[in-house]
Ligand code: TYD
């Protein structure tokens, strides 16, 4: 599970003069079953989110409105990904440290997750994450 496993995935887009439509089906458009959906919104300018890694959780992040950046870090390499479209998203595999910043006003960050919320699945300390990742 490294940075190269994290990638942008294109979603189906049904073009329609009445308004476009995009959908996601579990296990078919993203590589895991969805057990939880949450979204982050009303983010004040200059704010940062994330700052943690997950032990076993798979996630898929979509900019439903506005834009923001996700910085991915596997302890060796870092990659900054800009999200600004609601017809694609970023898949993040387990054991990747992530930080979200550069939120535009009125942005909405939707996250599909493979499990229910479990604080025990988090690394919130970077040194602990690095130790688990590489020792
Ligand atoms: P956290 O995952 O640290 O937020 P972010 O990665 O967006 O910065 O979660 C922030 C708080 O919200 C934390 O106290 C746990 C709580 N929370 C839930 O109760 N359920 C959830 O599904 C999520 C994602 C967070």
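Out of the residues in segment 87-109 meeting the condition of being buried (at least 19 other Cβ atoms within 10 Å of the Cβ) and within 13 Å of the ligand (Cβ to nearest atom), tell me which one is nearest to the chain's Cα centre (by Cα). Full working, then the answer.
Initial filter on segment 87-109 (buried (at least 19 other Cβ atoms within 10 Å of the Cβ)): 89-90, 92-93, 95-98, 100, 103, 107, 109.
Filter once more, keeping what is within 13 Å of the ligand (Cβ to nearest atom): 92, 96-98, 100, 103, 107, 109.
Working: 92: 6, 96: 10, 97: 11, 98: 8, 100: 9, 103: 14, 107: 14, 109: 8 Å.
The selected residue is 92.
Can you go through 94, 44 and tell me which one is part of a loop (DSSP other than H, G, I, E, B) and under 25 Å from residue 130 (Cα atoms)?
Values: 44 fails: under 25 Å from residue 130 (Cα atoms).
Matching residue, one of 94, 44: 94.
Looking at residue 79, is it touching a helix residue (DSSP H, G or I) at 6+ places or on another chain (Cβ under 8 Å) and either more than 24 Å from residue 102 (Cβ to Cβ) or at pLDDT below 95 (or both)?
Values: touching a helix residue (DSSP H, G or I) at 6+ places or on another chain (Cβ under 8 Å): yes; either more than 24 Å from residue 102 (Cβ to Cβ) or at pLDDT below 95 (or both): no.
It is false that residue 79 is touching a helix residue (DSSP H, G or I) at 6+ places or on another chain (Cβ under 8 Å) and either more than 24 Å from residue 102 (Cβ to Cβ) or at pLDDT below 95 (or both).
Identify, by number, the condition in (1) in contact with a helix residue (DSSP H, G or I) (Cβ under 7 Å, 6 or more places away or on another chain); (2) within 25 Å of residue 28 (Cα to Cα) that residue 87 doesn't meet.
(1)
How many residues are exposed (fewer than 11 other Cβ atoms within 10 Å of the Cβ) and at pLDDT below 95 if we restrict to segment 13-45?
4
Any chance you could count how many residues in segment 90-115 are free of Cβ contacts under 8 Å to residues at least 60 places away in the same chain and touching a helix residue (DSSP H, G or I) at 6+ places or on another chain (Cβ under 6 Å)?
1
Answer yes or no as to whether residue 32 is in a loop (DSSP other than H, G, I, E, B) and within 15 Å of residue 5 (Cα to Cα). Steps first, answer last, please.
Details: in a loop (DSSP other than H, G, I, E, B): yes; within 15 Å of residue 5 (Cα to Cα): yes.
Judged against the criteria, residue 32 is a match.
Pick from segment 47-66 the residues that are buried (at least 16 other Cβ atoms within 10 Å of the Cβ) and not in a strand (DSSP E or B): which of them is nearest to the chain's Cα centre (by Cα)?
Here the answer is 58.
Given the conditions (1) touching a strand residue (DSSP E or B) at 6+ places or on another chain (Cβ under 8 Å); (2) within 14 Å of the ligand (Cβ to nearest atom); (3) farther than 21 Å from residue 127 by Cβ, which single one is not true for residue 42?
(1)
I'd like to verify a number: residues in segment 77-86 that are crowded, with 16+ Cβ neighbours inside 10 Å and either in contact (Cβ under 8 Å) with a residue 40 or more places away in the chain or assigned to a loop (DSSP other than H, G, I, E, B) (or both), how many? Please lay out each step first, then the result.
To start, the set of residues in segment 77-86 that are crowded, with 16+ Cβ neighbours inside 10 Å comprises 81, 83, 85-86.
Still in the running and either in contact (Cβ under 8 Å) with a residue 40 or more places away in the chain or assigned to a loop (DSSP other than H, G, I, E, B) (or both): 81, 85-86.
Going through segment 77-86 one residue at a time, the tally reaches 3.
State which residue pairs qualify: first residue within 12 Å of the ligand (Cβ to nearest atom) and inside segment 116-134, second residue in a helix (DSSP H, G or I) in any location, beta carbons under 8 Å apart, and separation of 6 or more residues or different chains.
Note: pairs meeting the criteria are 123/129; 123/132.
The values are calculated or read from the model by the stated rules, or taken from the named source; none is laboratory data. This is a predicted model, so every value here is computed, not measured. All Cβ positions, even for glycine, are placed from backbone atoms using ideal geometry, and neighbour counts span all protein chains on display.
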